[in-house]
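Participant: Quick one: the structure is below, and I'll ask about it shortly.
The values are calculated or read from the model by the stated rules, or taken from the named source; none is laboratory data. Everything numeric in this text was worked out from a predicted model, so none of it was measured. FYI the Cβ positions are ideal-geometry reconstructions off the backbone, even for glycines, and counts take in every protein chain you see. Ligands, DNA and RNA are excluded from the accessible area calculation, which covers all protein heavy atoms including side chains. Shrake-Rupley method; radii C 1.70, N 1.55, O 1.52, S 1.80 Å.
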Amino acid sequence: MHPVLADDLSRLPELLQSARDFAAREVAEIEARPVVQRDKAPDPRPLPTEGAGAQGALSRFAASWAPGFAATAGPRYLGFVTGGATPAAVTGDWLTSAYDQNAAGGDGSSAAALERETLGWLRELFGLGEAHSGAFVTGATMSNTVGLALAREWLGDRRGIRVSEAGAAALGPVDVLSGSPHSSIPKALSVVGIGRDRLRTVPVLPSGREAVDVARLAEALEALDGRPAVVVANAGTVNTVDFDDLRAIAALKERYDFWLHVDAAFGGFAALSPEHAHLTDGIDAADSVCVDLHKWLNVPYDAAVQFTRHRELQVRVFHNASPYLGLPTGEPDFVHLTPENSRRLRALPAWFSLAAYGREGHREIVERNVAEARRLGEGIARVPGLRLLAPVRLNVVCFTLAGSATEERVHALGRAVAESGEAFLTPTFLDGTHALRAAFSNWRTSGADTDRVLAAVTRAAGESEA
Ligand SMILES: *Cc1c(COP(=O)(O)O)cnc(C)c1O
């Protein structure tokens with residue numbers, strides 16, 4: 001063994017202790033440091049010939065790289081939809097690395113069984129029935145990709161083609177219909193060979209809504225003349241957190257032949273709150289469902305879950321058996337269900353957080369985030385230089401400048417907020433208007449944080465007027 005490596009092995013407990021001390025300091029200071037950093041990356045250095053040992057690497061990281069890392073895990077990083085990591089989730093994540101299990105299954109470990117238990121808990125949390133089975137993947141984009149790969153296989157069945165064998169070309173053109181799809185949907189369509197151009201957006205409801213107009217969706221399906229299609233329903237849009245009427249869309253299945261994929265990346269968590277659970281009514285009827293976990297479950301990157309009622313199609317698309325072994329039977333290993341073969345046990349952080357806080361603990365996070373989003377929305381509505389672009393439907397506040405909201409001025413407002421170090425919001429473009437979004441999905445965000453965000457936004461808006 002190389003002497004530096006041997007030395008690390010002999011001091012492993014102390015090394016883990018240093019890493020723990022360092023991480024504990026960083027997390028404790030997260031409230032005090034600027035939310036985002038600019039231009040703090042050191043110049044790249046050449047590959048070391050002789051290593052510095054783990055302690056040396058930690059010192060080098062702490063001195064040159066850590067200062068540039070953003071406080072994405074903190075309470076006032078409200079860009080995109082960004083969750084943090086609960087204490088239990090961090091614990092689970094550290095242990096995931098320490099154990100270094102390959103959760104592909106079939107390896108003489110109970111790790112895959114732990115993933116199955118976690119999937120069962122999540123299914124229940126999101127109001128899905130026993131007909132749905134799932135697997136962990138790296139994010140909602142991958143979850144959407146798996147769902148659309150299954151849709152592709154299903155369409156093939158309708159046309160008497162095994163797409164997983166014959167290829168997407170054999171399928172011919174496909175119709176994918178959606179009201180306000182997330183940008184990851186066209187990306188997923190590109191990956192699965194259906195193609196970005198096959199996504200047709202269906203008109204949404206009038207008056208600033210992002211939810212699909214179900215009557216118009218029915219017309220679009222009618223116009224297909226019996227040709228099977230794919231419908232992507234959206235349960236929580238990123239700009240205004242609008243929800244398609246899942247129940248009404250599912251009811252269309254009685255008249256039209258389509259695969260229903262529901263992108264509930266973060267909106268799926270509405271199911272945890274009695275006040276908002278109705279928004280996800282009907283989700284169980286979906287053929288495939290996407291829910292992100294590194295957003296509102298507050299587990300570390302990267303984790304999401306995909307569910308489907310069509311496991312046999314999933315095995316067909318993703319199985320990794322040699323042809324002469326045939327398809328796996330019984331409860332398939334995850335290696336036969338997911339795009340990866342070898343895979344991290346990313347269920348463990350989710351298992352820890354659910355074991356530690358339960359349904360009630362996670363409901364409290366969701367409801368507090370929603371309450372704080374509402375309060376920020378009310379505050380922004382009172383600032384003369386600003387206006388809300390949509391009602392705060394759940395956990396996102398979408399707003400813009402009351403006066404001239406050019407791209408330049410709105411982006412400058414976002415930059416001024418970021419430069420204050422107090423908060424981070426991301427720009428968007430909604431209904432022809434440039435705007436900013438503040439998305440609440442972090443477990444630590446408190447009323448005091450919302451006050452600081454509102455103060456920073458108000459100050460920046462005042463400067464923008466001046
Ligand atoms: C975030 C998000 C995605 C993509 O999620 P990743 O985890 O970044 O892959 C897809 N759909 C919706 C609605 C989202 O909010």
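Participant: Quick one: accessible surface of LYS253, probe radius 1.4 Å, all protein chains present, in square angstrom to the nearest 10.
Facilitator: Number for this one is 70 Å².
Participant: Can you give me the three principal axis dimensions of the stretch 322-466 from its C-alpha atoms, in Å, biggest first?
Facilitator: 73, 35, 27
Participant: For the chain, what does the helix formula give at 222 nm: sum of -39500 (n - 2.57) over DSSP H segments with n ≥ 4, over the residue count, nearest 500 deg cm²/dmol?
Facilitator: Taking each H run of at least 4 residues, the total per residue is -12500 deg cm²/dmol.
Participant: Moving on. Which of the aspartates and glutamates could a cross-linker span from LYS40 if the Cα-Cα distance has to be under 15 Å and same-chain partners fewer than 8 positions apart are dropped?
Facilitator: Answer for LYS40, where 15 Å is the Cα cut-off: GLU419, listed by chain and number.
Participant: Could you work out the mean projected area of the convex hull around the alpha carbons of the stretch 186-273, in square nanometres to one decimal?
Facilitator: Convex hull of Cα atoms, orientation-averaged projection: 6.4 nm².
Participant: Related question: In Å², and per residue, what accessible area does the stretch 159-316 have when probed at 1.4 Å with the other protein chains present?
Facilitator: Per-residue accessible area for the stretch 159-316 comes out at 37 Å².
Participant: If you place +1 on the Cβ of every Lys and Arg, -1 on the Cβ of every Asp and Glu, and leave all else neutral, what size is the dipole of the stretch 1-42 about its Cα centre, to the nearest 20 Debye?
Facilitator: Its charge dipole is roughly 140 debye.
Participant: While we're here: Which far-off residues, 5 or more places away or on another chain, put their amide H under 5 Å from the one on ALA233, with H placed in the peptide plane?
Facilitator: HIS261, VAL262, ASP263
Participant: Distance from the Cα centre of the stretch 354-404 to that of the stretch 242-278, in angstrom?
Facilitator: Going from one Cα centre to the other spans 22 Å.
Participant: Could you sort the peptides 145-151, 21-27 by per-residue average Cβ neighbour count (10 Å cutoff), highest mean leading?
Facilitator: The packing order, highest mean first, is 145-151, 21-27.
Participant: Within a Cβ distance under 15 Å of ALA390, other residues only, what is the Lys/Arg minus Asp/Glu net charge?
Facilitator: Local net charge: +1.
Participant: Still on this structure: Counting Lys and Arg as +1 and Asp and Glu as -1, each charge on the Cβ, what is the dipole of the stretch 209-316 about the Cα centre in debye, to the nearest 20?
Facilitator: Roughly 260 debye for the stretch 209-316.
Participant: So, with a 1.4 angstrom probe, what is the percent of accessible area on the chain that is carbon and sulfur?
Facilitator: 54
Participant: A follow-up question, please. Count the DSSP beta bridges whose two residues both fall in the stretch 200-330, then state the antiparallel fraction as a percent rounded to the nearest 5.
Facilitator: 45
Participant: If you build the convex hull over the alpha carbons only and average its shadow over all orientations, what do you get for the chain? Give it in nm² to one decimal.
Facilitator: Result: 25.1 nm².
Participant: Keeping all protein chains in position, work out how much accessible area VAL35 exposes to a 1.4 Å probe, and write it in Å² to the nearest 10.
Facilitator: 10
Participant: Which of the peptides 195-202, 396-403 is most tightly packed, and how do the rest follow, going by the mean number of other Cβ atoms within 10 Å of each residue?
Facilitator: Descending packing order for the listed peptides: 396-403, 195-202.
Participant: Still on this structure, I have one more. DSSP beta bridges in the chain, what fraction antiparallel, as a percent rounded to 5?
Facilitator: The answer is about 60 percent antiparallel.
Participant: Run the dipole for the stretch 1-94 about the Cα centre, Lys and Arg Cβ at +1, Asp and Glu Cβ at -1, nothing else charged, and hand back the magnitude in debye, nearest 20.
Facilitator: 280
Participant: Okay, moving on. So which lysines can LYS295 reach, going by Cα to Cα under 24 Å and dropping same-chain residues fewer than 8 places off?
Facilitator: Cross-link targets: LYS187.
Participant: Same structure, new question: Net charge around ALA373, counting only other residues with Cβ within less than 12 Å of its Cβ (Lys, Arg = +1; Asp, Glu = -1)?
Facilitator: Combined, the nearby Lys, Arg, Asp and Glu give +1.
Participant: Return the whole-Å distance between the Cα centroid of the stretch 12-71 and the Cα centroid of the stretch 222-240.
Facilitator: When both Cα centres are located, 45 Å separates them.
Participant: Would you kindly derive the ³J(HN,Hα) couplings of the stretch 240-251 from the backbone phi angles with the Karplus curve 6.51 cos²θ - 1.76 cosθ + 1.60 (θ = phi - 60°), listing them in order in whole Hz, with x for Gly and Pro?
Facilitator: For the stretch 240-251, the Karplus curve yields 10, 6, 8, 10, 5, 7, 5, 5, 5, 5, 4, 5 Hz.
Participant: How big is the Cα convex hull of the stretch 90-352 in projection, averaged over all directions, in nm²?
Facilitator: Mean orientational projected area (the stretch 90-352, Cα hull): 14.1 nm².
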